[in-house]
Amino acid sequence: MIPLFRRKEPHLSLPTAIFRCAYPRPMSDLAVDDVTWQLEDLVDGGGPAECDELLADADRRAAVLASAHAGKVAELDGPGLALAVAELAIISDLVGRAGNYAHLRFAADTEDPANGALMARVQELATAIETKLVFFELEWAEVDDERAAALLEADGLENARHYLQTIRRYRPHLLSEAEEKLSAEKAVTGRDAWSRLFSELTSAIRVDLPAEDEPVPLDQALSLLHSPEREIRRGAAEAVTRALEPGLRTRAYLFNTLLQDKATEDRLRGYPTWLSSRNLANEASDESVEALVEAVEGAYELPRRWYRLKAKLLGLERIADYDRAAAIAQDDAKVDWNEGKETVLDAYGDFSPELGDLAARFFNERWIDAPARPGKRGGAFCAYTVPSVHPYVMLNWTATRRDVMTLAHELGHGVHAALAIPRGIYEQHTPLTVCETASVFGETLVFRRLLDAADTPQSRLSLLAENIENSIATVFRQTAMNRFEQAVHTHRREQGELSVEDFAEHWQATQEELLGDAVEITPDYRSWWSYIPHFIGSPGYVYAYAYGQLLALSVYGQYLKEGESFVPSYLEMLAAGGSRSPEDLAKIAGLDLTDPGFWKSGLELVAAELEEAETAADEVLAERGD
């Protein structure tokens, strides 16, 4: 079943990958301190108390709707269905505003007990509302196919047809109404509670670093893996492993519990594999996803080539796992907030003035929270929220060039969400497999602008290195993590509960498949599976990064072929939101996802960039006399 109020996930941008982590913010970049979001837009300035009012209104409306239509959805005519769907949209908006307000407050400060309490209360009230409305999707899914097709032609369903069609795809996996209500209510104290606990546990991890007077947050310690000094990288990696150790058994137990919870859910709903429910939500077949994963696995030599080249650049025979993110340049130029902002806005505006103006609103109207603060969630994301308000972007700005790319990435999500607002609450969101298109496209626009301005082989190589490592993190590393997830889900279902050592064995095996003989996997790295939230809160999520990255690169390749004439098609694709399937959305941009060679074409773009880096590296090594 598609949960009516829980499918509005923020688009997370690898907050746990070592290539996208928070950095210690330089005190000199004061311009970023005031870049905080105005969350009161979600609650009409009423603060947390308004959440209760929004949810009370939604609850009243849900009770009226249930009283009028429960058990009678099959009897609705076209106009009646349109009116019911319109009322459901209003209820979803009310719940979505309260839910997003609570979620974003918590993300901005996970250590404030009031924020945690607000999020828990909103989740509980939202679930109570959801249980009142479970009947609608269940009954709609059971309407006869011929009658449903006729009803879908009714006026007033222009922004809900794809949503209604999608519900019917879940028909083989739906439970009874009583069971669906029970499942929704138990989730609050079940998987949702475990997911929140994991977030709080990992946010509280502190790492003892030799150069620091007091322990630092995990993200800050991970940022040292970018250091050009190997001893700093090694020391940071060892310190991270020590910090992960005390809670390792607890996180393993938590993971085991959710693995079994999902196995039970899949069995009861009749999903054939651990990934099938995610694929259905992504509107992708099990076969097509497996083809993607196999295509990426078949190209594992690309990251290995890069890591072998990186070893030469670092003067090493072979790099270790803690060397993978090492800066290859001795100087990591700082970029202040205003410079980064202008770089991104100029790139967006040059591609499309409409897109540039839309991106500027995020800054002008306080839709961004940028400073890195104690207690703030690590990484970056964009929350679509609801169409009646606007999207929000969260960053942890630390004035590096990588932060500029992250800003470009999250604004891509943001403009995608904003352009799709007219599609309404049912069709603004795209499946995960498509949601990275605008973010990666925007990031690529900025990257190419920076690369064109680079005037030395060293600066070109530094930029290319960052972009290649982003592709490795997004395409290859996420695919390896998909294989890890498959291994642990299969183990839990076939052999029972996993020990900490079992998790470590599966993690090391899937990482070694990716890295081959190009990277040494150290014993310390075996526990690093244990802080990645996607495994906990969004099982199966990670392959969508690879899907989205390769799709976005192909969209950018189409732009290079067509030039300015491509812009209207691109904006049309973004404005379509989730009103069409991924295949139909791609057709707007002239791409055919059903072509067996499609994934290969995206990987070829990654290979071409690697060749550019190899050429630049040869020039740099020649200058050094290596």
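Summary table
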quantity	calculated
Estimated inter-spin distance, GLU297 and GLU501, nm [label 7 Å along Cα→Cβ]	2.6
Simple label model, 7 Å out from Cα along Cβ direction - ASP350 to GLU124, nm	5.4
Region 357-370 - phi-based ³J(HN,Hα) in whole Hz, Karplus 6.51/-1.76/1.60, Gly and Pro as x	5, 5, 4, 4, 4, 4, 7, 6, 10, 6, 9, 10, 10, 10
³J(HN,Hα), Karplus 6.51/-1.76/1.60, whole Hz, each residue of region 81-86, x for Gly, Pro	5, 4, 5, 5, 5, 5
Placed amide H near TRP397: partners under 5 Å, 5+ positions off or other chain	ALA372
Estimated FRET transfer efficiency (VAL64, GLN38; beta-carbon r; R0 35 Å; 0.05)	0.60
Angle between the chain longest axis and helix 248-269 axis [Cα atoms, degrees, rounded to 10]	40
Members of LYS132/LYS186; LYS72/LYS186; LYS561/LYS587; LYS181/LYS262; LYS72/LYS262; LYS561/LYS600 lying beyond 24 Å, as alpha-carbon distances in this model show	LYS72/LYS186; LYS72/LYS262
Simple label model, 7 Å out from Cα along Cβ direction - ASN364 to ALA149, nm	4.8
Nonlocal amide H pairs with GLU520, under 5 Å, H built at 1.01 Å	ILE319, ALA320, ASP321
Stretch gain in nm, segment GLU614-ARG373, where the contour uses 0.36 nm per residue and the Cα spacing is subtracted	82.9 nm
Lysines whose Cα lies under 25 Å from that of LYS334, excluding same-chain neighbours fewer than 8 positions away	LYS310, LYS376
Fully extended contour minus Cα-Cα distance, from LEU83 to ALA193, at 0.36 nm per residue	36.1 nm
Mean separation of Cα contacts under 8 Å, 6 or more apart, over the residue count of the chain: relative contact order %	20
Segment ALA74-GLU231, length gained on full extension (0.36 nm per residue, minus Cα span)	49.7 nm
DSSP bridge orientation in the chain - percent antiparallel, rounded to nearest 5	60
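Read-outs throughout are calculated quantities, based only on the coordinates presented, and are distinct from any laboratory measurement. Remember, it's a predicted structure, so these values are computed and weren't measured experimentally. Every residue, glycine as well, gets a Cβ built from its backbone with ideal geometry; the counts of neighbours run over all protein chains shown.
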